[in-house]
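Read the structure below first, then the notes.
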Amino acid sequence: MEGRSPRGRRRTLASVVAESLSRRSEARRPAAAAAFAEACGWPLSRELTVRGLGPDGHLWVVASSTEWARQLEGISAAIVARVNERLGRPVVVALDVRVRQDRKG
């Protein structure tokens, strides 16, 4: 199922679901996570995990390595814009990126 955004662009089902969920306060985090995965694309999103959405609009993301964290930080403004476009309104203001710490023992 694809529709058109107000600007005439095609929208994916994931974008429509993310936008619908973002209107419900209890579903803002899953909506932002879905929009983030789509905004990043498959190769990048498989190396990143959304861990939360703060009340200040910061999306907490954990990267699988320092290299992936740097990659995301370099394009964070574009990703935030794409996430908000998919949500249909400004929800995310910034990304807080951390590197996953492997647990030992």
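Residue under question is residue 69, and the condition is that it be part of a helix (DSSP H, G or I), loosely packed, with under 14 Cβ neighbours inside 10 Å, at pLDDT 95 or above and at negative phi; does it hold? No: the conditions fail for residue 69. Screening 61, 92, 80 for residues that are in a helix (DSSP H, G or I) and crowded, with 20+ Cβ neighbours inside 10 Å leaves exactly one candidate, 80. Only one entry of 80, 91, 99 meets the criterion of being at pLDDT 95 or above and over 13 Å from residue 39 (Cα atoms), and that entry is 99.
The number of residues in segment 40-66 that are out of contact with any Phe, Trp or Tyr (no Cβ under 6 Å at 6 or more places or on another chain) and either of a type in the set (Lys, Arg) or over 18 Å from residue 27 (Cα atoms) (or both) comes to 13.
The values are calculated or read from the model by the stated rules, or taken from the named source; none is laboratory data. These numbers were taken from a predicted model, which means no experiment stands behind them. For neighbour counting, all protein chains shown are included, and Cβ atoms are generated from backbone atoms with ideal geometry for every residue, glycine included.
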